[in-house]
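Enquirer: Supplied in structure tokens, the structure appears directly below.
The values are calculated or read from the model by the stated rules, or taken from the named source; none is laboratory data. The structure displayed is predicted, hence computed values, not measured ones. Here the Cβ positions follow ideal geometry from the backbone for every residue, glycine too, while neighbour counts run over all protein chains shown.
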Amino acid sequence: MTAIIEARGLSKNYGGTQAVRGVDLKVEAGRIVGLIGPNGAGKTSVIKAILGLTSFDGDLKVLGLDPRTERNQLMKEVCFIADVAVLPRWIKVSDAVDFVAGVHPGFDRKRCEDFLARTDIKKESKVRQLSKGMITQLHLALILAIDARLLVLDEPTLGLDLLFRRSFYDNLLNDYFNKERTILVTTHQVEEIENILTDVIFIEHGRIALDAPMETLAERFVQLTPAAGNLERARALKPFWEREIFGRSTMLFDGRDHVQLEALGETRAPSVADLFVAMMQPVNGAPSATKEAA
Amino acid sequence: MNPSRNLLWLIRREVWEHRSLWIAPMVMAGVILIVTLFGGVHFNDHGSFWVGTSDGNGPDLRALSPEDRERALEAMTPKNKSIMDAVVLGVYSGISITMFVVLGIVVFFYLLDTLLAERRDRSILFWKSLPVSDGEVVTSKALTALVVAPVFVTLLSAVLLILFAAVASLRLAQLPVSPWNAGIWFDLQVIMLGFVPMMVLWYLPIAGYLLVVSVWARKNAFLWAVLPWAALLLIEGMITQTTNVAQFLGNRFAGFARIIGDNTHVDIDSEHGIATVYGLMGRVYGDYHIWLGAIAGLALIYAAVRIRRYRDDS
């Protein structure tokens, strides 16, 4: 397997503030990776470094190329949606299609037009006449018709309503993704993408807090609701997170024996959203155990 | 990837986005034609005429009594060919200069805005997601301003002169004068072939400077472009009481006129008219100032490419 993205000691400084502090990262081909973190955690800086939109320190290779010096080459194989609503408002839909077809050798016009035909977007409209959802659809139609090895999506559904968000990810999976392609997506709406991800990376204060394939999460992490009387025994096993609702505790464990935990109460695999919340706000002042584990 | 194909698409994009580049000259052409169609017909005792608004060339023909009108027409009958030719040349030049002034204004604001606009509406994130390099983007903008727009206005002016002559002919149908002179029209176009590239080369450093301001400023590009020079002018005036900055700016804007010199009255309709004009322009082409400026302009355009690489307002 070739690494699509490989970073070692990736750092980014903004005039004294360290947005990214020595991130190591490896993304293999054919994965859908969620880069998840609170606002200001360094997600966008990592994305911008990968896309050659910003300078950085450390080693970073994307498709074997250095985004700092080989960006022009890189952009033939990488495409991205950095945010919704960055399509120029003055452009006509048909002109936008013509333009991308004109400059991108990997653009499949028919694919794009088929996609647009399934929407209410009129070819003669200008972008400024479209609703926000339609602009996203147009952007998606343009980008997903490009045969790229890496697609990067930075908060692609920000400000869209639920219906559009849902169909956005459906389109992504059904029309675009295949084993030769890799998708890197950032969002803070974890619950919406956890079902489509193959890998998840948590980033916090410019550091990687968790980097794991989805299928290993259920093995590593257990969410336990201890039966009455077992609370102290459960705590002795050092959960990295605990919270009380309606007088009942819920705990999260990393790398503990499942059988041992099952004896103490109800267990289940935590959702990515649960893990995210737990790792971003560790209680008891305990540093998240997963940092060492990962 | 084919760079010239990319450039063509990028230039097309500029034409879509910055419509004032071609609309403003067309509006001006339309205004000139409308004024010609509905304005007064003026004349003076020397046999000059002017179709359009009054500009001191004499009373409106329509306002005269029959006797005065008769006398005026007699005076207007061209006494000799060279007076008529001078009148036609003056009118043609005036129209062309007006068009190029409009071009200068729209290109000035275009260059100031073009690299800022794509960051202001954040569309830079879309453009940067496509395989077009910063060099291609900035080059397309420079070419739009310095080649596409000037060629368009040159052609538009040539057509406008023909339309003007046609409309003016209607207005002057009863008079013994003609606003159409194919020889002068042709001569003017031949002169433009040398003159337009000369102006483009001369203004290249200013264009490069405006692109740098455009790519660098986060807003208020106009102020960033103008204020530093105004400040320099003031500071120099207060401290050393010299005018070096003013002279430098004057040179950058109109130095070619100084190189041509004052004694430049040319009768282009004379046998050697065109050669004489080209001789004068040759002085500018032969002067190191134009080439020094052009090199500085290219360096500034290159600087704009480098700055766009990591320029990001988000």
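Enquirer: Quick one: is A:L224 in contact with a Ser or Thr (Cβ under 9 Å, 6 or more places away or on another chain) and part of a strand (DSSP E or B)? I'd like the intermediate steps shown before the answer.
Expert: Numbers: in contact with a Ser or Thr (Cβ under 9 Å, 6 or more places away or on another chain): yes; part of a strand (DSSP E or B): yes.
In short, yes.
Enquirer: For residues in region B:101-136 being among the aromatic types (F, W, Y) and surrounded by 19 or more Cβ atoms within 10 Å (Cβ to Cβ), which is farthest from the other protein chains (Cβ to nearest Cβ)?
Expert: So in region B:101-136, the residues among the aromatic types (F, W, Y) come out as B:108-110, B:126-127.
Now restrict to residues that are surrounded by 19 or more Cβ atoms within 10 Å (Cβ to Cβ): B:110, B:126.
On the way: B:Y110: 14, B:F126: 5 Å.
The qualifying residue farthest from the other protein chains (Cβ to nearest Cβ) is B:Y110.
Enquirer: Then there's this: So which residues in region B:280-314 are closer than 22 Å to B:Q247 by Cα and within 14 Å of chain A (Cβ to nearest Cβ), if there are any at all?
Expert: none
Enquirer: Say whether the condition of being more than 8 Å from chain B (Cβ to nearest Cβ) and part of a helix (DSSP H, G or I) is met by at least one residue in region A:52-69.
Expert: Just the residues of region A:52-69 that are more than 8 Å from chain B (Cβ to nearest Cβ), to begin with: A:52, A:56-69.
So of that shortlist, the ones also part of a helix (DSSP H, G or I) come out as none.
Checking region A:52-69: not a single residue is more than 8 Å from chain B (Cβ to nearest Cβ) and part of a helix (DSSP H, G or I).
Enquirer: Here are some residues: A:C112, A:C79. Which one is within 14 Å of chain B (Cβ to nearest Cβ), in a strand (DSSP E or B) and either out of contact with any strand residue (DSSP E or B) (no Cβ under 7 Å at 6 or more places or on another chain) or over 17 Å from A:F164 (Cα atoms) (or both)?
Expert: Values: A:C112 fails: in a strand (DSSP E or B).
Of the residues listed, the single one that is within 14 Å of chain B (Cβ to nearest Cβ), in a strand (DSSP E or B) and either out of contact with any strand residue (DSSP E or B) (no Cβ under 7 Å at 6 or more places or on another chain) or over 17 Å from A:F164 (Cα atoms) (or both) is A:C79.
Enquirer: Can you tell me which residue within region A:82-95, out of those that are in a helix (DSSP H, G or I) and more than 9 Å from chain B (Cβ to nearest Cβ), is surrounded by the most Cβ atoms within 10 Å (Cβ to Cβ)? Let's see the steps before the verdict.
Expert: Step one: of region A:82-95, the residues in a helix (DSSP H, G or I) are A:93-95.
With more than 9 Å from chain B (Cβ to nearest Cβ) added as a condition, the list becomes A:93-94.
Numbers: A:V93: 22, A:S94: 14.
Out of the qualifying residues, it is A:V93.
Enquirer: Could you list, in sequence order, the residues of region A:4-21 that are in a strand (DSSP E or B) and not charged (D, E, K, R)? Talk me through it step by step, then tell me what you get.
Expert: Here is the first cut: in region A:4-21, the residues in a strand (DSSP E or B) are A:4-14, A:17-21.
Correct list: A:I4, A:I5, A:A7, A:G9, A:L10, A:S11, A:N13, A:Y14, A:T17, A:Q18, A:A19, A:V20.
Enquirer: Continuing with this model, one more query. Before we move on, is A:P67 farther than 23 Å from A:F168 by Cβ and surrounded by 17 or more Cβ atoms within 10 Å (Cβ to Cβ)? Explain how you work it out, then say what you get.
Expert: On the way: farther than 23 Å from A:F168 by Cβ: yes; surrounded by 17 or more Cβ atoms within 10 Å (Cβ to Cβ): yes.
Taking the combined requirement at face value, the residue satisfies it.
Enquirer: So which of A:A96, A:A117, A:A41 ends up being of a type outside the set (S, T, N, Q) and under 15 Å from the mean Cα position of the chain (by Cα)?
Expert: Details: A:A96 fails: under 15 Å from the mean Cα position of the chain (by Cα); A:A117 fails: under 15 Å from the mean Cα position of the chain (by Cα).
Result of the check over A:A96, A:A117, A:A41: A:A41.
Enquirer: Filtering region A:122-146 down to residues that are within 28 Å of the chain's Cα centre (by Cα) and part of a loop (DSSP other than H, G, I, E, B), which residue is nearest to B:L8 (Cα to Cα)?
Expert: If we filter region A:122-146 for residues that are within 28 Å of the chain's Cα centre (by Cα), which is where we start, we get A:127, A:130-146.
Pick out the ones that are also part of a loop (DSSP other than H, G, I, E, B) and you get A:130-131, A:145.
Values: A:L130: 27, A:S131: 30, A:A145: 22 Å.
Applying the filter and picking the extreme gives A:A145.
Enquirer: A follow-up question, please. Looking at region B:143-157, is at least one residue free of Cβ contacts under 8 Å to residues at least 40 places away in the same chain, of a type outside the set (D, E, K, R) and more than 14 Å from chain A (Cβ to nearest Cβ)?
Expert: If we filter region B:143-157 for residues that are free of Cβ contacts under 8 Å to residues at least 40 places away in the same chain, which is where we start, we get B:155.
Keeping just the survivors that are of a type outside the set (D, E, K, R) gives B:155.
After this cut, where a residue has to be more than 14 Å from chain A (Cβ to nearest Cβ) as well, the list is B:155.
Yes.
Enquirer: Which condition from (1) under 14 Å from B:Y310 (Cβ atoms); (2) at pLDDT below 90 is the one that A:N39 breaks?
Expert: Just one mismatch for A:N39, condition (1).
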